[in-house]
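Novice: Input: one structure, supplied below.
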Amino acid sequence: RRVTASEIAHLAKVRPSAVSNWRNRYRDFPLPVESAPDGDLFDLASVTAWLALHGREYRQVGRGPEQELWALVTRLGQA
């Protein structure tokens, strides 16, 4: 699964600006796997592994309706 920087922020319980800072400050932050019109997309497994490695708490990701709805709302908010 691929996630946007906004979705990463939601998972990590931080603001999107924190994700931007991580991308700039940490050489080992996962690189985007795809560029989309709405922004870069990241591999979810790589991101959660990075968060765990750096001792950052994050929400567990499931493919349930609530997560799908949140992802849709996030994408619509970026449009």
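The values are calculated or read from the model by the stated rules, or taken from the named source; none is laboratory data. Keep in mind that what you see is a predicted model, and the values were worked out from it rather than measured. Cβ placement follows ideal geometry from the backbone for every residue including glycine, while neighbour counts extend to all protein chains displayed. SASA here: full protein model, heavy atoms, side chains in, ligands and nucleic acids out. Shrake-Rupley method; radii C 1.70, N 1.55, O 1.52, S 1.80 Å.
Novice: Anything in the chain that counts as a DSSP H helix reaching 15 Å or more along its axis (C-alpha) with Kyte-Doolittle mean of at least -0.5? List them, would you?
Specialist: 65-78
Novice: Hey, rough spin-label estimate for TYR58 and SER20, points 7 angstrom out along Cα→Cβ, what's it come to in nanometres?
Specialist: Calculated label separation equals 2.0 nm.
Novice: Subtracting the Cα-Cα distance from 0.36 nm times the residue separation, let me have the gained length for GLU66 to ALA36 in nm, one decimal.
Specialist: Taking 0.36 nm per residue and subtracting the Cα distance, the gain is 8.5 nm.
Novice: Carbon and sulfur atoms: what percent of the 1.4 Å accessible area of the chain do they account for?
Specialist: 51 percent
Novice: All other residues with a Cβ under 10 Å from the Cβ of THR74 taken together, and with Lys, Arg as +1 and Asp, Glu as -1, what is their net charge?
Specialist: Around THR74, the surrounding residues sum to -1.
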